[in-house]
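Heads up: the structure comes next, in C-alpha coordinates.
The values are calculated or read from the model by the stated rules, or taken from the named source; none is laboratory data. A quick note: this is a predicted structure, and the numbers were derived from the prediction, not measured. Note that we place each Cβ from the backbone using ideal geometry, even for glycine, and neighbour counts take in every protein chain shown. The accessibility values were calculated without ligands, DNA or RNA, using every heavy atom of the protein model including side chains. Shrake-Rupley method; radii C 1.70, N 1.55, O 1.52, S 1.80 Å.
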Amino acid sequence: MLIQILTLFPQMFTGVLESSILKRAQEQNLVKFELINFRDFATDKHHMVDDTPYGGGSGMVLKPEPIFRALQYAHQQNRQQTERGKAKVILLTPQGKVFKQEIARELATAEGLIMICGHYEGFDERIRSWVDLELSIGDYVLTGGEPAAMVVSDAVVRLIPGVLGSSESAQHDSFSEYLLDFPQYTRPVEFEGMRVPDILLSGHHAMIEAWRREQALIRTAKRRPDLLENAPMSEEDLKILKAIGELNNG
Ligand code: 6GU
(Lines give C-alpha, C1' and ligand atoms only; values in the text may rest on other atoms or scores of the structure.)
Protein backbone atom coordinates (compact mmCIF):
# COMPACT_ATOMS: atom_id res chain seq x y z
CA MET A 1 0.00 0.00 0.00
CA LEU A 2 1.17 3.53 -0.80
CA ILE A 3 0.04 6.14 1.75
CA GLN A 4 0.68 9.73 0.70
CA ILE A 5 0.14 12.47 3.26
CA LEU A 6 -0.33 16.09 2.23
CA THR A 7 0.71 18.29 5.13
CA LEU A 8 2.42 21.57 6.00
CA PHE A 9 4.19 19.79 8.90
CA PRO A 10 5.83 16.61 7.57
CA GLN A 11 8.27 16.59 10.50
CA MET A 12 5.38 15.76 12.84
CA PHE A 13 5.26 12.27 11.32
CA THR A 14 8.88 11.21 11.73
CA GLY A 15 8.67 9.69 15.22
CA VAL A 16 5.45 7.84 14.46
CA LEU A 17 6.57 6.41 11.12
CA GLU A 18 10.05 5.48 12.35
CA SER A 19 8.98 3.43 15.36
CA SER A 20 7.52 0.08 16.20
CA ILE A 21 5.12 -1.67 13.84
CA LEU A 22 4.77 1.13 11.27
CA LYS A 23 8.55 1.12 10.90
CA ARG A 24 8.67 -2.67 10.55
CA ALA A 25 5.83 -2.65 7.98
CA GLN A 26 7.79 -0.21 5.80
CA GLU A 27 10.98 -2.27 6.13
CA GLN A 28 9.01 -5.32 4.96
CA ASN A 29 7.71 -3.30 1.96
CA LEU A 30 4.12 -3.89 3.03
CA VAL A 31 3.50 -0.13 3.06
CA LYS A 32 5.28 2.95 1.76
CA PHE A 33 4.69 6.43 3.17
CA GLU A 34 5.29 9.57 1.17
CA LEU A 35 5.08 12.93 2.97
CA ILE A 36 4.17 15.76 0.63
CA ASN A 37 4.46 19.34 1.83
CA PHE A 38 1.88 21.22 -0.18
CA ARG A 39 3.72 24.48 0.52
CA ASP A 40 6.17 23.20 -2.14
CA PHE A 41 3.27 23.42 -4.62
CA ALA A 42 2.34 27.04 -3.91
CA THR A 43 2.14 29.12 -7.07
CA ASP A 44 3.46 32.46 -5.78
CA LYS A 45 7.00 33.43 -4.86
CA HIS A 46 6.17 33.72 -1.16
CA HIS A 47 4.81 30.15 -1.11
CA MET A 48 1.51 31.30 0.35
CA VAL A 49 -0.80 28.44 1.32
CA ASP A 50 -3.58 30.42 2.99
CA ASP A 51 -5.42 33.68 2.52
CA THR A 52 -8.19 35.78 4.11
CA PRO A 53 -11.78 34.57 3.68
CA TYR A 54 -14.09 36.13 1.08
CA GLY A 55 -16.95 37.82 2.91
CA GLY A 56 -14.64 38.90 5.70
CA GLY A 57 -14.12 37.53 9.14
CA SER A 58 -11.10 36.60 11.18
CA GLY A 59 -8.65 33.81 10.44
CA MET A 60 -7.14 32.37 7.31
CA VAL A 61 -8.35 29.77 4.83
CA LEU A 62 -6.22 27.20 2.97
CA LYS A 63 -6.02 28.13 -0.72
CA PRO A 64 -7.13 25.60 -3.33
CA GLU A 65 -4.19 25.80 -5.79
CA PRO A 66 -1.35 24.33 -3.66
CA ILE A 67 -3.52 21.40 -2.58
CA PHE A 68 -4.80 20.85 -6.14
CA ARG A 69 -1.26 20.75 -7.52
CA ALA A 70 0.03 18.55 -4.70
CA LEU A 71 -2.88 16.16 -5.36
CA GLN A 72 -2.03 16.00 -9.07
CA TYR A 73 1.54 15.13 -8.12
CA ALA A 74 0.37 12.51 -5.61
CA HIS A 75 -1.96 10.84 -8.14
CA GLN A 76 0.84 10.78 -10.70
CA GLN A 77 3.22 9.14 -8.21
CA ASN A 78 0.49 6.68 -7.24
CA ARG A 79 -0.02 5.70 -10.90
CA GLN A 80 3.73 5.09 -11.28
CA GLN A 81 4.06 3.08 -8.10
CA THR A 82 0.90 0.97 -7.87
CA GLU A 83 -0.75 -1.55 -10.21
CA ARG A 84 -4.22 -0.08 -10.47
CA GLY A 85 -3.18 3.54 -9.88
CA LYS A 86 -6.42 4.43 -8.16
CA ALA A 87 -5.75 6.16 -4.86
CA LYS A 88 -8.56 7.02 -2.48
CA VAL A 89 -8.41 10.66 -1.37
CA ILE A 90 -9.25 11.30 2.28
CA LEU A 91 -9.68 14.71 3.90
CA LEU A 92 -9.10 14.85 7.66
CA THR A 93 -11.61 17.24 9.19
CA PRO A 94 -13.80 17.38 12.31
CA GLN A 95 -16.73 17.64 9.86
CA GLY A 96 -16.02 14.14 8.47
CA LYS A 97 -17.57 10.78 9.22
CA VAL A 98 -16.32 9.44 12.56
CA PHE A 99 -13.50 6.93 11.98
CA LYS A 100 -14.33 3.40 13.16
CA GLN A 101 -12.73 -0.05 12.91
CA GLU A 102 -15.16 -0.90 10.11
CA ILE A 103 -13.76 1.99 8.01
CA ALA A 104 -10.20 0.91 8.84
CA ARG A 105 -11.03 -2.58 7.48
CA GLU A 106 -12.35 -1.13 4.25
CA LEU A 107 -9.39 1.22 3.78
CA ALA A 108 -6.94 -1.65 4.43
CA THR A 109 -8.05 -3.19 1.11
CA ALA A 110 -7.02 -0.08 -0.88
CA GLU A 111 -3.82 0.00 -2.90
CA GLY A 112 -3.28 3.72 -2.31
CA LEU A 113 -4.48 6.34 0.13
CA ILE A 114 -3.91 10.09 -0.13
CA MET A 115 -4.65 11.94 3.10
CA ILE A 116 -5.00 15.71 3.22
CA CYS A 117 -4.33 17.36 6.58
CA GLY A 118 -6.20 20.61 7.03
CA HIS A 119 -4.72 23.27 9.28
CA TYR A 120 -5.40 26.79 10.45
CA GLU A 121 -9.02 27.87 10.61
CA GLY A 122 -10.30 26.09 7.55
CA PHE A 123 -9.95 25.32 3.86
CA ASP A 124 -11.47 26.55 0.64
CA GLU A 125 -14.70 24.62 0.05
CA ARG A 126 -13.64 23.68 -3.51
CA ILE A 127 -11.01 21.32 -2.06
CA ARG A 128 -13.92 19.03 -1.15
CA SER A 129 -14.61 18.28 -4.83
CA TRP A 130 -11.35 16.27 -5.15
CA VAL A 131 -12.00 14.14 -2.08
CA ASP A 132 -13.58 10.65 -1.86
CA LEU A 133 -14.05 10.51 1.92
CA GLU A 134 -13.93 12.95 4.83
CA LEU A 135 -12.90 11.54 8.20
CA SER A 136 -12.90 12.83 11.78
CA ILE A 137 -11.33 10.84 14.62
CA GLY A 138 -13.79 11.97 17.29
CA ASP A 139 -15.70 14.77 18.90
CA TYR A 140 -12.94 17.12 19.97
CA VAL A 141 -10.97 19.81 18.16
CA LEU A 142 -7.36 19.35 17.05
CA THR A 143 -5.12 22.12 15.74
CA GLY A 144 -4.70 20.17 12.52
CA GLY A 145 -5.43 16.92 10.74
CA GLU A 146 -1.92 15.47 11.30
CA PRO A 147 -2.63 13.47 14.49
CA ALA A 148 -5.78 12.16 12.79
CA ALA A 149 -3.77 11.05 9.71
CA MET A 150 -1.41 9.20 12.08
CA VAL A 151 -4.34 7.52 13.83
CA VAL A 152 -5.93 6.41 10.54
CA SER A 153 -2.55 5.22 9.16
CA ASP A 154 -1.83 3.15 12.28
CA ALA A 155 -5.27 1.55 12.39
CA VAL A 156 -5.19 0.73 8.65
CA VAL A 157 -1.60 -0.51 8.37
CA ARG A 158 -1.95 -3.04 11.20
CA LEU A 159 -4.76 -4.66 9.18
CA ILE A 160 -2.63 -5.20 6.05
CA PRO A 161 -1.94 -8.95 5.81
CA GLY A 162 1.56 -9.73 7.12
CA VAL A 163 2.01 -6.52 9.12
CA LEU A 164 1.22 -8.09 12.47
CA GLY A 165 3.12 -11.24 13.37
CA SER A 166 0.97 -14.34 13.85
CA SER A 167 1.00 -13.99 17.67
CA GLU A 168 0.03 -10.31 17.46
CA SER A 169 -2.80 -10.92 15.00
CA ALA A 170 -4.15 -14.09 16.65
CA GLN A 171 -5.02 -11.98 19.69
CA HIS A 172 -7.01 -9.58 17.55
CA ASP A 173 -9.09 -11.59 15.12
CA SER A 174 -12.28 -10.07 13.71
CA PHE A 175 -14.25 -11.87 16.43
CA SER A 176 -12.47 -10.14 19.32
CA GLU A 177 -11.82 -6.84 17.54
CA TYR A 178 -15.31 -5.50 18.24
CA LEU A 179 -15.08 -6.12 22.00
CA LEU A 180 -12.84 -4.64 24.68
CA ASP A 181 -9.93 -6.87 25.67
CA PHE A 182 -10.19 -9.39 28.51
CA PRO A 183 -7.98 -8.83 31.61
CA GLN A 184 -4.38 -9.97 31.21
CA TYR A 185 -1.79 -10.98 33.79
CA THR A 186 1.85 -11.95 33.79
CA ARG A 187 4.31 -12.98 36.54
CA PRO A 188 4.40 -12.79 39.53
CA VAL A 189 1.35 -14.80 40.56
CA GLU A 190 0.86 -12.53 43.57
CA PHE A 191 1.85 -8.85 43.79
CA GLU A 192 0.92 -6.32 46.49
CA GLY A 193 -1.73 -8.73 47.76
CA MET A 194 -3.35 -9.07 44.31
CA ARG A 195 -3.52 -12.56 42.83
CA VAL A 196 -3.80 -13.79 39.28
CA PRO A 197 -7.23 -15.51 38.86
CA ASP A 198 -6.88 -19.26 39.50
CA ILE A 199 -8.47 -20.20 36.18
CA LEU A 200 -5.47 -18.73 34.31
CA LEU A 201 -3.12 -21.00 36.27
CA SER A 202 -5.26 -24.11 35.71
CA GLY A 203 -3.77 -25.06 32.34
CA HIS A 204 -7.31 -25.85 31.14
CA HIS A 205 -7.20 -24.24 27.72
CA ALA A 206 -10.91 -24.48 26.83
CA MET A 207 -12.03 -23.12 30.19
CA ILE A 208 -9.53 -20.25 29.94
CA GLU A 209 -10.86 -19.36 26.46
CA ALA A 210 -14.44 -19.38 27.77
CA TRP A 211 -13.48 -17.24 30.78
CA ARG A 212 -11.70 -14.70 28.55
CA ARG A 213 -14.65 -14.40 26.19
CA GLU A 214 -16.98 -13.94 29.16
CA GLN A 215 -14.71 -11.29 30.69
CA ALA A 216 -14.51 -9.43 27.36
CA LEU A 217 -18.30 -9.48 27.08
CA ILE A 218 -18.82 -8.34 30.69
CA ARG A 219 -16.25 -5.58 30.33
CA THR A 220 -17.74 -4.35 27.06
CA ALA A 221 -21.31 -4.48 28.42
CA LYS A 222 -20.27 -2.39 31.46
CA ARG A 223 -17.96 0.15 29.81
CA ARG A 224 -19.04 0.37 26.18
CA PRO A 225 -22.47 -1.21 25.69
CA ASP A 226 -22.73 0.65 22.36
CA LEU A 227 -19.99 -1.61 20.92
CA LEU A 228 -22.09 -4.75 21.44
CA GLU A 229 -24.44 -3.75 18.64
CA ASN A 230 -21.85 -4.43 15.94
CA ALA A 231 -19.97 -7.29 17.61
CA PRO A 232 -20.26 -10.75 16.05
CA MET A 233 -21.88 -13.09 18.66
CA SER A 234 -22.29 -16.79 19.22
CA GLU A 235 -25.30 -18.39 20.95
CA GLU A 236 -23.09 -18.83 24.01
CA ASP A 237 -22.20 -15.11 23.96
CA LEU A 238 -25.89 -14.19 23.90
CA LYS A 239 -26.53 -16.47 26.90
CA ILE A 240 -23.72 -14.79 28.82
CA LEU A 241 -25.03 -11.32 27.97
CA LYS A 242 -28.54 -12.35 29.01
CA ALA A 243 -27.16 -13.58 32.33
CA ILE A 244 -25.29 -10.30 32.90
CA GLY A 245 -28.41 -8.35 31.95
CA GLU A 246 -30.40 -10.27 34.55
CA LEU A 247 -27.72 -9.57 37.17
CA ASN A 248 -27.74 -5.84 36.38
CA ASN A 249 -31.54 -5.57 36.36
CA GLY A 250 -32.22 -7.85 39.31
CL1 6GU B 1 -9.58 14.94 11.36
N2 6GU B 1 -9.09 17.34 12.33
C3 6GU B 1 -9.15 18.27 13.29
N4 6GU B 1 -8.59 19.46 13.08
N5 6GU B 1 -9.75 18.08 14.46
C6 6GU B 1 -10.31 16.88 14.65
C7 6GU B 1 -10.27 15.86 13.71
C8 6GU B 1 -9.64 16.13 12.53
N9 6GU B 1 -10.92 14.78 14.21
C10 6GU B 1 -11.32 15.13 15.42
N11 6GU B 1 -10.97 16.40 15.71
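Quick look at the values:
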{"quantity": "Fraction of accessible area attributable to carbon and sulfur, the chain (%, probe 1.4 Å)", "calculated": "52 percent"}
{"quantity": "Sorted peptide list for 195-201, 6-12, 126-132, criterion being average Cβ within 10 angstrom, highest first", "calculated": "6-12, 126-132, 195-201"}
{"quantity": "Per residue Cα convex hull volume in Å³ - calculated over region 163-250", "calculated": "144 Å³"}
{"quantity": "Interchain or long-range residues, amide H under 5 Å from SER136's placed H", "calculated": "THR93, GLY96, LYS97, VAL98, PHE99"}
{"quantity": "Mean Cα-pair separation over length for region 172-249, i.e. relative contact order, pairs under 8 Å, 6 or more apart, %", "calculated": "39 percent"}
{"quantity": "Counting all C-alpha pairs of region 99-148, share separated by more than 11 Å (%)", "calculated": "76 percent"}
{"quantity": "Relative contact order [Cα under 8 Å, 6+ residues apart], the chain, whole percent", "calculated": "18 percent"}
{"quantity": "Cross-link pairs beyond the 26 Å C-alpha cut-off, checked among LYS45/LYS97; LYS100/LYS222; LYS23/LYS88; LYS23/LYS97", "calculated": "LYS45/LYS97; LYS23/LYS97"}
{"quantity": "Average accessible area per residue (Å²) across the chain - probe 1.4 Å, nucleic acids and ligands excluded", "calculated": "60 Å²"}
{"quantity": "Principal axes of region 1-72: Cα extent on each, largest first, Å", "calculated": "49, 24, 20"}
{"quantity": "Alpha-carbon Debye profile of region 134-206, log10 I(q)/I(0) at 0.20, 0.22, 0.27 Å⁻¹", "calculated": "-0.99, -1.07, -1.25"}
{"quantity": "Kirkwood hydrodynamic radius of the chain, from inverse mean 1/r over distinct Cα pairs, in Å", "calculated": "21.1 Å"}
{"quantity": "Mean shadow area of region 12-51 over all directions, Cα convex hull, nm²", "calculated": "3.9 nm²"}
{"quantity": "Residue order for GLU27, GLU134 - accessible surface, 1.4 angstrom probe, largest first", "calculated": "GLU27, GLU134"}
{"quantity": "GLY112 long-range amide H proximity, modeled H, under 5 Å", "calculated": "LEU2, LYS88"}
{"quantity": "Rounded accessible area of ASP181 (nearest 10 Å², 1.4 Å probe)", "calculated": "80 Å²"}
{"quantity": "Descending semi-axes in Å of region 90-195, equivalent ellipsoid built from Cα gyration tensor", "calculated": "35, 18, 11"}
{"quantity": "Helix-only mean residue ellipticity at 222 nm for the chain, each DSSP H run of n ≥ 4 adding -39500 (n - 2.57), per residue, nearest 500", "calculated": "-10500 deg cm²/dmol"}
{"quantity": "Ranking by accessible area, most exposed first, for TYR185, TYR178 with a 1.4 Å probe", "calculated": "TYR185, TYR178"}
